[in-house]
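A short write-up of the structure that comes next.
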Number of protein chains: 2
Amino acid sequence: MGRPRAFDVEKALDAMLCVFWRKGYEGTSYADLTAAAGVERPALYAAFGNKEALFRSALERYVERYLDYFPAALELPTAREVAGRILHGVVDLNTRYGEHTGCLAINGALAGPDEAEPVRQALIDFRAAGQERLRQRLERAKAEGDLPPGASPEALAAFVMAVSHGIAVQAKAGVGRAMLEAVAEQALSTWPAGGAAAPASPGR
Amino acid sequence: MGRPRAFDVEKALDAMLCVFWRKGYEGTSYADLTAAAGVERPALYAAFGNKEALFRSALERYVERYLDYFPAALELPTAREVAGRILHGVVDLNTRYGEHTGCLAINGALAGPDEAEPVRQALIDFRAAGQERLRQRLERAKAEGDLPPGASPEALAAFVMAVSHGIAVQAKAGVGRAMLEAVAEQALSTWPAGGAAAPASPGR
DNA sequence: CCAGTTTCATAACAACCGTTATGAAACATG
DNA sequence: CATGTTTCATAACGGTTGTTATGAAACTGG
């Protein structure tokens, strides 16, 4: 009962996500948000809460809509393939849309005033969680002999994520896909070779 | 003649530079700036112009005060040493001060509202200029046989800068120096071996 | 010591920020 | 059709943004 919604909440969130993607959390005003969503401020407050809660909803949407390549990459058979898929996935996502290049998890809030620190910390935790998942995957690779005994899964995970972040910064600066592909390939060029063959199906 | 300055312009600029470093261009308010400089707004306007001009002055100061390692790195004899010095210089600078980690050229303005686009573009140009200087240095290295004929100075320069940016993002997120050193080393492990020996003094 | 000049802080400016109180509009149920 | 409930836009809230007009304070020159 009651008056029905006059706007599509999901579509509005998708649209606002793109604004956050382009302008970041602090750089996005409610004037931007209402223009993108097509409804006025009170409707957004009723549907999503305040600006911080709205941004967190946008981040969740970002994950399920654009970051599916990441868990898929983790399931590839070799560590080298995992890293390659991640880096090329980053290049693809960060250069796919001309209006909002780069990565929401970095554009969203890197530096800013003290009041925005909760959001900044949320993005830090978010990125760290991804890095941790990659580290565990590389740990497994090392146990399987897919990485040499001297390799450090923690350092390799940090390296892959750092290159990803660097690619995101460059993409936001307007660097084209071809150049960033070359950056990814350079990063992959000396991936440590494992002593064993393919871990899951060694005989294939 | 006239009333003399009651504050040290250079010290004020140094102090405000640190604020921009920590909070970025948009995230820094005049309340922050006056608190750091120790003088009120009109004094800053008289000495530096408006906020954008003030930020540009801070960026210049940043270069001459913190980025001296970069031109020094370009003068090292081999491309590998150049890249190594740059990456380790980045790690050092980005983790040296706990109050303002990361890099001003990235923290300053990555994403933001449309009004701040001139500042964003200035930082993009600034970073691109550094990358171009590195590219020219690597071009020379290739001509000297310090890099293999198949190597791409443009891609290698983009790679080194991308890793630098990634390190800056991680440093801003609180990642420690040791881990970032490992990232830099992993990046350097991908460096292509040159065909010739040391270029300038091959017999040494 | 007075006139001229430069620099300073106080205080105000309009514009915008995120947030919310108010009341009209649109539905389901009785 | 009236009642209750939910959602909407209008409009305002206090606070902060970058910028500047005003006038007092501090110096050098004559």
Subset of region B:23-53 (residues that are aliphatic (A, V, I, L, M), away from DNA strand D (no atom under 12 Å from the Cβ) and not in a helix (DSSP H, G or I)): none
Residue selected from region A:58-89 under the condition farther than 18 Å from residue A:159 by Cα and assigned to a loop (DSSP other than H, G, I, E, B), by the criterion farthest from the chain's Cα centre (by Cα): A:77
Hits in region A:140-158 (condition: more than 9 Å from chain B (Cβ to nearest Cβ) and either within 18 Å of residue A:66 (Cβ to Cβ) or surrounded by 17 or more Cβ atoms within 10 Å (Cβ to Cβ) (or both)): A:141, A:142, A:144, A:146, A:147, A:151, A:153, A:157
Residues (part of a helix (DSSP H, G or I) and either more than 9 Å from every other protein chain (Cβ to nearest Cβ) or within 13 Å of the chain's Cα centre (by Cα) (or both)) located in region A:93-120: A:93, A:94, A:95, A:96, A:104, A:105, A:106, A:107, A:115, A:117, A:118, A:119
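How about region A:172-184: which of its residues are at the interface with chain B (Cβ under 10 Å from one of its Cβ atoms) and touching a helix residue (DSSP H, G or I) at 6+ places or on another chain (Cβ under 8 Å)? Can you show your working first?
Applying the first criterion (at the interface with chain B (Cβ under 10 Å from one of its Cβ atoms)) to region A:172-184 yields A:172-175, A:178-184.
The answer is A:172, A:173, A:174, A:175, A:179, A:180, A:181, A:182, A:183, A:184.
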Residue list for region B:20-48, restricted to those being open to solvent by 30 Å² or more (accessible area, probe 1.4 Å), away from DNA strand C (no atom under 11 Å from the Cβ) and within 12 Å of chain A (Cβ to nearest Cβ): B:22, B:29, B:32
Subset of region B:167-186 (residues that are within 24 Å of residue A:189 (Cβ to Cβ) and either surrounded by fewer than 17 Cβ atoms within 10 Å (Cβ to Cβ) or not small (Gly, Ala, Ser) (or both)): B:167, B:169, B:170, B:175, B:179, B:180, B:181, B:183, B:185, B:186
Residue under evaluation residue B:56, criteria (1) within 16 Å of DNA strand D (Cβ to nearest atom); (2) within 14 Å of chain A (Cβ to nearest Cβ); (3) among the charged types (D, E, K, R), criterion not met: (2)
Checklist (1) touching an Asp or Glu at 6+ places or on another chain (Cβ under 6 Å); (2) within 21 Å of residue A:165 (Cα to Cα) applied to residue B:78, failing item: (2)
Candidate set from region B:59-86 (those that are more than 14 Å from every other protein chain (Cβ to nearest Cβ) and among the basic types (Lys, Arg)); member that is nearest to DNA strand D (Cβ to nearest atom): B:61
Filtered residues of region A:107-138 (kept if farther than 21 Å from residue A:53 by Cα and open to solvent by 60 Å² or more (accessible area, probe 1.4 Å)): A:132, A:133, A:135, A:136
Leading residue by the ranking (farthest from DNA strand D (Cβ to nearest atom)) among those in region A:6-22 that are among the charged types (D, E, K, R) and touching a residue at least 40 places away in the same chain (Cβ under 8 Å): A:22
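Residues checked against (1) open to solvent by 30 Å² or more (accessible area, probe 1.4 Å); (2) farther than 27 Å from residue B:8 by Cα; (3) hydrophobic (A, V, I, L, M, F, W, C); (4) within 13 Å of DNA strand C (Cβ to nearest atom):
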| site | (1), (2), (3), (4) |
| --- | --- |
| B:53 | yes, no, yes, no |
| B:61 | no, no, no, no |
| B:65 | yes, no, no, no |
| B:74 | no, yes, yes, no |
| B:97 | yes, no, no, no |
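The values are calculated or read from the model by the stated rules, or taken from the named source; none is laboratory data. This one's a predicted model, so the numbers in the text were calculated from it and none came from an experiment. Cβ atoms come from the backbone with ideal geometry, glycine included; neighbour counts cover every protein chain shown. Only protein heavy atoms, including side chains, enter the accessible area calculation; ligands, DNA and RNA are left aside. Shrake-Rupley method; radii C 1.70, N 1.55, O 1.52, S 1.80 Å.
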